[in-house]
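K.L.:
Submitted below is the structure of interest, expressed as structure tokens.
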């Protein structure tokens, strides 16, 4: 389980968790982004390195929805998890939301 609490920003379709080095939410400079933020792509790579069969990431930040979309987008979901959907990104998100509703998580 990974828990992040603090500040986050979305730039386009990419989420950035701001580290303690961040002095503002203006991440227009790539050098500042590299030094003071962790991107959703980096978070995905960190999760991929874990041998855990079940992984949980909690983002208690602004713009966490941007990260959720990116994390789901880059995940491999088997056909039995998708059911009869077409496998599109929207279908995967809808399927996951439906599962959360059934479990009382949404």
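Taken together, the values in this text are just the output of simple stated rules run on the coordinates, not laboratory data. Since the model is a prediction, treat every value here as computed from it, not as a measurement. Quick reminder, even Gly has a Cβ in these numbers, built from the backbone with ideal geometry, and neighbours come from all protein chains shown.
K.L.:
Given the Cα-Cα distance of residue 45 and residue 68 and 0.36 nm per residue of separation, how much length would full extension add, in nm?
P.N.:
6.8 nm
K.L.:
What is the order of 19, 14, fewest Cβ neighbours within 10 Å to most?
P.N.:
Ordered from fewest to most neighbouring Cβ atoms within 10 Å, 19, 14 come out as 19, 14.
K.L.:
Sorting check: for 29-39, 50-60, which peptide has the highest mean count of neighbouring beta carbons within 10 Å, and how do the rest follow?
P.N.:
Working: 29-39: 14.2, 50-60: 10.4.
The peptides rank, most packed first, as 29-39, 50-60.
K.L.:
Next question. Could you calculate the FRET efficiency of residue 11 with residue 35 from 1/(1 + (r/R0)^6), where r is the beta carbon distance between them and R0 is 25 Å, rounded to 0.05?
P.N.:
0.95
K.L.:
By how many nm would the segment from residue 26 to residue 58 lengthen if fully extended, with 0.36 nm per residue of separation less the alpha-carbon distance?
P.N.:
Numbers: separation 32, 0.36 × 32 = 11.52 nm, distance 2.34 nm.
Going from the current span to full extension adds 9.2 nm.
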